[in-house]
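S.K.: Sending over a structure as structure tokens; questions will come in a sec.
The values are calculated or read from the model by the stated rules, or taken from the named source; none is laboratory data. What you are looking at is a predicted structure, and each value in this text was computed from that prediction instead of being measured. Heads up, the Cβs are rebuilt from the backbone with ideal geometry, glycines too, and the neighbour counts pull from every protein chain shown.
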Amino acid sequence: MPARYDVWDRPRGGRRPKLSREAIVAAAIEIADAEGLEAVSIRRVANELGVRAMSLYGHIDRKEDLLDLMYDEVAAHVLIEGELPDDWREAFMVIARKERAAGLRHPWMFQLAGSSPRIGPNGLRHADQSLGVAAKLTDDPLSQTEIVTSIDHYMLGFTLREQRIDEMGRTGLQEVQDSLMGRPYFRSWLEDGHFQHLKPVLDAGIFGQASFEKGLNWLLDGIEREYGGA
């Protein structure tokens, strides 16, 4: 049985010199950004590049390889070039902002992460960069992992929610609120004194609104109390 290369070790090749792995990955990302991950296929990418589907197999073995390469390309955009800020809080803020921006620009990346792609070199560099910031607070590898994971989970949850709101449109939240207020059962419950804490929020028109920076700072405050903010 012939040797099977991991996508990261696979020799690059192909008979068409103008067809590169970079071009294949860029086309796949463009499709995913515009139409979602489900639209990405070997045949679709080949059509976009004006080549036969078989031509792509000079660079990848299967669709899963392409997905891994797409994810790792986005991970490259999250890496901080040069030196990170010396202050651990500011360093985590910079990293989280880049992660959020990448997630909003490429909504499919979190969906892909949930399908457990093989982590590539850029993803590993990103993990190492984040753990390096956590190492300023503690020498314990488990604690470093818990710190990074907590920040990642906050960023992920907030960004997924942002994506959902964006899909609904700029007036999406207001439409949800109007729909809720238009339901007789809900209005009657409000009039009967139920939802006494929710009502002021709805009256102020701020239902569902939140600040990424403020929430992240609250989380970092807790980490600082735990580890001293050295």
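S.K.: Output the qualifying pairs, or none if there are none: Cβ atoms under 9 angstrom, residues six or more apart or on different chains, first residue in region 38-57 and in contact (Cβ under 8 Å) with a residue 12 or more places away in the chain, second residue of a type in the set (S, T, N, Q) and surrounded by 17 or more Cβ atoms within 10 Å (Cβ to Cβ).
M.R.: LEU49/SER55
S.K.: Starting from residues that are surrounded by fewer than 13 Cβ atoms within 10 Å (Cβ to Cβ) and either in contact with a Phe, Trp or Tyr (Cβ under 6 Å, 6 or more places away or on another chain) or assigned to a loop (DSSP other than H, G, I, E, B) (or both), keep the ones in region 209-226 and report whichever is modelled with the lowest pLDDT.
M.R.: GLN209
S.K.: Can you give me the number of residues within region 88-138 that are closer than 17 Å to GLU64 by Cα, part of a helix (DSSP H, G or I) and of a type in the set (Phe, Trp, Tyr)?
M.R.: The number of residues fulfilling the criteria is 1.
S.K.: Looking at region 50-73 only, could you name the residues that are outside any loop (DSSP other than H, G, I, E, B) and more than 27 Å from the chain's Cα centre (by Cα)? Can you show your working first?
M.R.: Initial filter on region 50-73 (outside any loop (DSSP other than H, G, I, E, B)): 53-56, 63-73.
Result: ALA53, MET54, SER55.
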